[in-house]
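*Asks:* I am attaching a structure below and will ask some questions about it afterwards.
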Amino acid sequence: MKENVWLTYDEKSREELHTLSEEYKTFLSRCKTERECTAFFQAEAEKAGYRNLSSLIAEGAAVKSGDKVYAVGMGKTIALFQIGKQPLTDGMNILCAHIDSPRLDLKQVPLYEDSELAFLDTHYYGGIKKYQWVTIPLAIHGVVAKKDGSVVTVNVGEDAADPVVYVTDLLVHLAGKQLAKKGSEVVTGENLDILVGSCPLEGEEKDAVKANVLRLLKEKYDMEEDDFLSAELEVVPAGPARDCGLDRSMIAGYGHDDRVCAFPSFVAMMETEAPERTACCILVDKEEIGSVGATGMQSMFFENAVAELLALTGTDSNLAVRRTLARSKMLSSDVSAAFDPAYSEAFEKKNCAFFGKGLVLNKYTGARGKSGSNDANAEYLAQLRRIFDDNQVAFQTAELGKVDFGGGGTIAYIAALYGMEVVDSGVAVLSMHAPCEIISKADLYEAKKGYAAFLKDA
């Protein structure tokens, strides 16, 4: 087994690790939706001198080596490029991660009253254990788009003075039948409605509690009930990310999957200067439901951005786009399951990820017989081994649990459709897809080092 990387750090490394961890905790606490992540990355990129691709197109500007460019898709996905010394058609070194996480979404007609309690009806997003989402403090994040074209930002439950919302559960004294059910049936999806009010509006004879909630929404957001039809409101665990463990070696928080890969990818991109090959970082939406839709990796957003970028370099052809993508190399970053001794029966210890062992490479993912998996080429893995060893990056290899226990997919197979070299990489996580997940600070630090080395040397 590889050495625990904590034992290799000198004082300088520990200081860098601490700084990165504190920055990441702040990001994770503030950015709990794909829109919030994209807005954060866009603002930071502009501070670092990146220019909006749409503005460059409108100006008819030319793009040359050293230029920094970004493109945003519908406020939920972002691609960043730093033009290298080599022609773009020689390919790019690409970091890719997703910024959506499992959560509860409000339905389009969510507000109702029952027994003088007001609730918002939800539909869960991504793979969750539904029973984990009851009786915990929850916050509402998102936007309300109105018919007049205005968009109102909603964020309730994060400030210490804010109220939180809540999914109720049956008291244990009456839960005999409930506790006899399978785990997947203990709490049903239709029971994941959030409690938002109990005080009736004076003078209302029917649904007075609901009427009071609508009054509050009108006062704070100038929002009518019909505005829920064009709202995107996400229910997420309330509260900040925090240090975990008496030794403060870990971070507990919501959304490590996959922001623990997205954040160090972005940091590595910001640190990159004057690359030989064009460096790229794409942070996308919808991975948790199959990378579908206009903001998922299956959309044409990334390909279109590359085409526009090529046109600004004076190379405007479909063949140039295809050559650029086929000659590119990608680290498709997503989290991996960390070995948990409490559930050791689900893991095969020779081929699983451990805390404190560094960046994780998954040659393949998929379920059971590698179904739905990208399977990276041996030659590409050998190149990555050299890059990481040359740059003193701690890394490990892993599979997602025992062969017949289940499995999962990532973005890698989609990028591989272009013919580029792709491998899954990322950070090991305990309690993946739970409302609160755990990662090792050391693995976060090694991931950032690995991503920076890849952009420079691949």
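The values are calculated or read from the model by the stated rules, or taken from the named source; none is laboratory data. Model, not experiment: these values are computed from the prediction. Note: ideal-geometry Cβ built from the backbone for every residue, glycine included; neighbour counts use all protein chains shown. Areas reflect the complete protein model, heavy atoms only, side chains present, ligands, DNA and RNA absent. Shrake-Rupley method; radii C 1.70, N 1.55, O 1.52, S 1.80 Å.
*Asks:* Of Ala305, Tyr380, Ile99, which is farthest on the positive side of the dipole of the chain, counting Cα position, with +1 on Lys and Arg Cβ, -1 on Asp and Glu Cβ, and the Cα centre as origin?
*Replies:* Toward the positive end, the furthest listed residue is Tyr380.
*Asks:* So how far, in whole Å, is the C-alpha centre of region 426-449 from the one of region 120-174?
*Replies:* Using only Cα atoms to place each centre, the spacing works out to 24 Å.
*Asks:* Give me the dipole magnitude in Debye, nearest 20, for region 345-458 about the Cα centre, with unit charges on the beta carbon: positive for Lys and Arg, negative for Asp and Glu. Mind dumping the intermediate values first?
*Replies:* On the way: 13 positive and 14 negative charges, 30 e Å.
In debye, rounded to 20, region 345-458 gives about 140.
*Asks:* Grab the Cα-Cα distance for Arg248 and Asn391, subtract it from 0.36 nm times how many residues apart they are, and report the gain in nm with one decimal.
*Replies:* Details: separation 143, 0.36 × 143 = 51.48 nm, distance 2.63 nm.
Contour length minus the Cα-Cα distance gives 48.8 nm.
*Asks:* Still on this structure, I have one more. From the residues Ala180, Thr135, Val164, which one has its Cα farthest along the dipole of region 135-187 in the positive direction, the dipole being from +1 and -1 charges on Cβ of Lys/Arg and Asp/Glu about the Cα centre?
*Replies:* Of the listed residues, the answer is Ala180.
*Asks:* Compute the Cα gyration tensor for the chain, then decide on rounded, prolate or oblate, letting a ≥ b ≥ c be the square roots of its eigenvalues: rounded whenever a/c is under 1.5, prolate when a/b is larger than b/c in the other cases, and oblate in all that remain. It would help to have the intermediate numbers written out before the result.
*Replies:* Values: a/c = 1.98, a/b = 1.36, b/c = 1.46.
Since a/c reaches 1.5 but b/c is at least a/b, the shape of the chain is classed as oblate.
*Asks:* Give the separation of the Cα centroids, region 179-248 to region 1-29, in Å.
*Replies:* Each part reduced to its Cα centre gives a spacing of 36 Å.
*Asks:* Return the subset of Lys182/Lys370; Lys146/Lys220; Lys47/Lys448; Lys12/Lys357 for which the Cα-Cα distance in this structure is over 24 Å, preserving the input order. Intermediate results must be reported in sequence, preceding the final value.
*Replies:* Numbers: Lys182/Lys370 27 Å; Lys146/Lys220 14 Å; Lys47/Lys448 20 Å; Lys12/Lys357 19 Å.
Where the Cα-Cα span goes over 24 Å, the pairs concerned are Lys182/Lys370.
*Asks:* In addition: So if we plug the beta-carbon distance of Ala208 and Glu185 into 1/(1 + (r/R0)^6) with R0 = 30 Å, what FRET efficiency do we get, rounded to 0.05? Walk me through the numbers on the way to the answer.
*Replies:* Working: r = 34 Å, r/R0 = 1.15.
That pair, Ala208 with Glu185, gives E of 0.30.
*Asks:* I'd like the GluC sites (Glu not before Pro) in region 125-227 restricted to DSSP loop residues with at most 16 other Cβ atoms within 10 Å, sorted by number. Write down the numbers at each step before the final one.
*Replies:* On the way: sites: Glu158, Glu185, Glu190, Glu202, Glu204, Glu205, Glu219, Glu224, Glu225; in loops: Glu158, Glu185, Glu202, Glu204, Glu205, Glu224.
In loop regions of region 125-227 (DSSP not H, G, I, E or B), the sparsely surrounded GluC sites (Glu not before Pro) are Glu185, Glu202, Glu204, Glu205, Glu224.
*Asks:* Could you please state, rounded to a whole Å, how far the C-alpha centre of region 43-88 is from the C-alpha centre of region 367-393?
*Replies:* Value for the Cα centre distance between the two parts: 29 Å.
*Asks:* Using +1 at the C-beta of Lys and Arg and -1 at the C-beta of Asp and Glu, which of Phe263, Val423, Leu56 has the Cα lying farthest in the positive direction of the dipole of the chain?
*Replies:* Ranked along the dipole, the leading option is Val423.
*Asks:* Of the heavy-atom accessible surface of the chain (probe 1.4 angstrom), what whole percent is carbon and sulfur?
*Replies:* Summing carbon and sulfur atoms, their accessible area is 51 percent of the total for the chain.
*Asks:* Let me ask you something else. Where a ≥ b ≥ c are the square roots of the eigenvalues of the C-alpha gyration tensor, would you call region 1-157 rounded, which needs a/c under 1.5, or, failing that, prolate if a/b is larger than b/c, or oblate? Mind showing how you got there, number by number?
*Replies:* Working: a/c = 2.56, a/b = 1.33, b/c = 1.93.
Here region 1-157 falls in the oblate category.
*Asks:* Follow-up question, since we're still on this one. Treating the beta-carbon of each Lys and Arg as +1 and of each Asp and Glu as -1, no other charges, what is the dipole magnitude of region 147-234 about its Cα centre, to the nearest 20 debye?
*Replies:* Working: 9 positive and 20 negative charges, 117 e Å.
Roughly 560 debye for region 147-234.
*Asks:* Now a separate question. Taking a ≥ b ≥ c as the square roots of the Cα gyration tensor eigenvalues, with a/c under 1.5 meaning rounded and otherwise prolate when a/b beats b/c, else oblate, which class fits region 246-315? Please report the intermediate quantities before stating the final value.
*Replies:* Working: a/c = 5.26, a/b = 1.45, b/c = 3.62.
Here region 246-315 falls in the oblate category.
*Asks:* While we're looking at this one, here's another question. Label-point separation (nm) for Met1 and Ile57, each offset 7 Å from Cα along Cα-to-Cβ?
*Replies:* 5.1 nm
*Asks:* Take the chain, mark every one of the chymotrypsin sites (Phe, Trp or Tyr not before Pro) that falls in a DSSP loop and has at most 16 other Cβ within 10 Å, then report the longest stretch left between them, sites excluded. Write down the numbers at each step before the final one.
*Replies:* Numbers: sites that count: Tyr9, Phe405.
Of all site-free stretches, the longest is 10-404.
*Asks:* Moving on to the next point. Under a 1.4 Å probe, what is the accessible area of region 31-128 per residue, stated in Å²? Intermediate values should be presented prior to the final figure.
*Replies:* Details: 3720 Å² over 98 residues.
Heavy-atom accessible area per residue stands at 38 Å².
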